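> This is the structure, below, for whatever I ask next.
FYI, it's all coordinate maths here, none of it is from the lab. Please read these numbers as outputs of a predicted model, since none were measured by experiment. FYI the Cβ positions are ideal-geometry reconstructions off the backbone, even for glycines, and counts take in every protein chain you see.
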Amino acid sequence: MKEILVFLALFHCHPELRIAHDTWTHFDRGVIYLSNDDPARLVHEAVHACQYARYGSAKSAEEWSRREREAHKVEIAWKMRDS
Ligand SMILES: [Zn+2]
């Protein structure tokens, strides 16, 4: 967990992690729901937690897409960090 938080800080993301479990992985109004232990998915959803803390809920499909691209970019960077 510490490695994830240090990594996210590189992207100016300091999430308050409220984590629950569900049958699918998603972020909803301040809570990260995880369906498995994949750290890359936690990184992705933690970016959404930072976006939510900073901007609130996405107000348009364009904004939702922008946030999704940003979370995906950080997730890919996480997967590539040791290569
Ligand atoms: Zn996402």
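> Taking the Cα centre of the chain as the origin, how large is its charge dipole in debye, to the nearest 20, when only Lys and Arg (+1) and Asp and Glu (-1) carry charge on their Cβ atoms?
It comes to approximately 240 debye.
> Which order do I32, I19 fall in if you start with the one that has the fewest other Cβ atoms within 10 Å?
Ascending number of Cβ neighbours within 10 Å: I19, I32.
> If the chain between L10 and A77 were fully stretched, how many nm would it gain, using 0.36 nm times the residue separation less the Cα-Cα distance?
23.0 nm
> Rank H44, I32, P15 by how far each Cα sits towards the positive end of the charge dipole of the chain (+1 on Lys, Arg Cβ; -1 on Asp, Glu Cβ) and give me just the farthest.
Checking the options against the dipole of the chain, the answer is P15.
> Can you put E63, E75 in order, fewest other beta carbons within 10 Å first?
In increasing order of surrounding Cβ atoms, one gets E63, E75.
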